[in-house]
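Scroll down for the structure; my scribbles are underneath it.
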Amino acid sequence: MTASPVAQTAPLAVRLRPQSLEEIVGQESLLAPGKPLRRLVDADRLGSVILFGPPGSGKTSFAEAVARATSRPFERLNAADSGVPELRRILERASLHYSRRGEPTVFFLDEIHRFNRAQQDALLSGVEGGAIWLIGATTHNPCFALSAPLLSRSRVFEFAPLAPAQLDRILSRALEDSERGLGRFRCRLDPLARQHFLATAEGDARRLLNALEVAILSTPPSPEGIIEIDVEAAEHSCRKKMPRYDRDQDEHYDTISAFIKSVRGGDPDSSLYWLAKMLVAGEDPRFIARRLVILAAEDIGLAEPSALSLAVAACHAIEQIGMPEGRIPLAEAAVYLATLPKSNSAYSAIHRAIEAVEKGESIPVPPSLRDAHYAVAAGLGRGVGYQYSHDFPEAISPQDFGVVPGRFYQPTNRGGEKEISERLKRWRALRSAAPREPAGTPSSSQNQ
């Protein structure tokens, strides 16, 4: 089974699909002569591969080009509208051919992420036995979307969004090709309209060609028979596109990562963009607010203690008022946190302390610090020698509290933490200068 001819009534994006690897625009790092994926095809050693990347980046074009180039049987299936029965019929044909000819069948499975784990496992025997060379295409990160056994038997290649210059080549081909493209129309494309098409395509060749076709077919020609495509016509033909986003996979994790890193990095504008993308895509605002609370404590901490209070307030505000108004306290919190001095000293300090405990380090509570509230405590030495802090200047006693000062908490010199750092240095000096005479047997109030 080879690629079938394309009808003239098919959408432009289908008609203009590359007929060979040489016609594919973009993905040069994979498909240029001598590059990894191209070498597998040229050597006729494709094996099973998983292609992942955004829509319109050339995954299906690659499969179609392989279908035209190979002399092997070729099967195709879309996981969105197929199930195990269709899959089994293809695998049976492939197994029969393999047993007779010793030749694998090239099997293109589009939207492979739509198959559940059981359906993906049904592919394993054909892939592992060599009866099929699988070309799986997905817009989802296969590390999240595909089963580990299938991934371990396949090579994974990532397709990148097309750059504006690459999209411009495709647009020119569409306007010039009279057989498969729109070259039969007398069209004049305004330069600003051209830029609008390229910008709104966002790296998606299919989106670009669909918009161009709508613009040309819906614009009446002038008396001279020329179809003039200006910016207004381009804008009307480009439907509004929702951000590419998923709630529990790659885009979700990548976008929240970019958001947190932008706030941590002190970039309020990038922070607002990633926040807006998540909100427009329908992300749970409570999830975003919780992450801001964590960031306030982890990355700002004592450089500005009010950060945590404002982040918590934003979290409560989201619960109380919901959306769309909830975007306002979220934006306020994001901008405020992004513009504050940063310190992760408290975060690092608790990690160092936990690590010491988990490694088995045992520091006994000094006798002077032990509870002395019960009757025989003094006789057991509990609380004896405790030096009541308020009996010393600035309420700082020379008491040993069990851990060498500065071992875990190491303040920075940023924001409010600079004052803390200076205060701790002053207190260390006071401890060194203070008298170390035992305070005697303490009262119960002093042992609280």
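Every read-out reported here was derived from the displayed coordinates using simple, explicitly stated rules and does not represent laboratory data. These numbers come from a predicted model, not from an experiment. Ideal geometry is used to build each Cβ from the backbone, glycine not excepted, and the neighbour counts take in all protein chains shown.
Values computed for the structure shown
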item	result
For segment 174-323: rounded, prolate or oblate by the Cα gyration tensor [a/c cutoff 1.5]	prolate
Surface/4 estimate of mean projected area, convex hull on alpha-carbon atoms of segment 250-338, nm²	4.8
Placed amide H near Leu16: partners under 5 Å, 5+ positions off or other chain	none
Computed E for Val280/Asp230 - FRET, C-beta separation, R0 22 angstrom, nearest 0.05	0.20
Span from the segment 366-429 Cα centroid across to the segment 39-71 one, whole angstrom	68
Under the Karplus curve 6.51 cos²θ - 1.76 cosθ + 1.60, θ = phi - 60°, whole-Hz ³J(HN,Hα) for segment 54-67, x wherever Gly or Pro sits	x, x, x, 9, x, 5, 5, 4, 4, 4, 5, 5, 5, 4
On Cα atoms only, tilt of 205-218 relative to the major axis of the chain in degrees	50
Those trypsin sites (Lys or Arg not before Pro) in segment 354-398 that DSSP places in a loop and that have at most 14 other beta carbons within 10 Å	Lys359
Met323/Arg114 FRET efficiency (R0 30 Å; Cβ-Cβ; nearest 0.05)	0.55
Rounded, prolate or oblate (a/c below 1.5 giving rounded, otherwise prolate when a/b exceeds b/c) for segment 1-147 by Cα gyration tensor	rounded
Protection-proxy order for peptides 50-56, 69-75, each taking the mean of Cβ atoms within 10 Å per residue, highest first	50-56, 69-75
Sequence-distant residues sharing a close amide H with Phe107 (under 5 Å, placed H)	Glu75, Trp133, Leu134, Ile135
Within the chain, helix-based [θ] at 222 nm, where runs of 4 or more DSSP H residues each add -39,500 (n - 2.57), nearest 500	-13500 deg cm²/dmol
Rounded if a/c under 1.5, otherwise prolate or oblate - segment 244-398, Cα gyration tensor axes	prolate
Neighbourhood net charge (12 Å Cβ-Cβ; Lys/Arg +1, Asp/Glu -1) for Leu380	+1
Among (i) 21.9, 73; (ii) 33.1, 111; (iii) 22.8, 86, the entry that matches Rg and Dmax of the Cα atoms in Å as calculated here	(ii)
Residue-by-residue Karplus 3J(HN,Hα) for segment 159-168, coefficients 6.51, -1.76, 1.60, Hz, glycine and proline x	9, 8, x, 6, 6, x, 5, 6, 4, 5
Separation in nanometres of the label points that stand 7 Å from Cα toward Cβ, at Arg186 and Arg45	5.6
Length added when fully stretched, Ala395-Glu23, from 0.36 nm per residue minus Cα-Cα	126.0 nm
Peptides 299-306, 185-192, 123-130 ordered by average Cβ neighbours within 10 Å, highest first	299-306, 123-130, 185-192
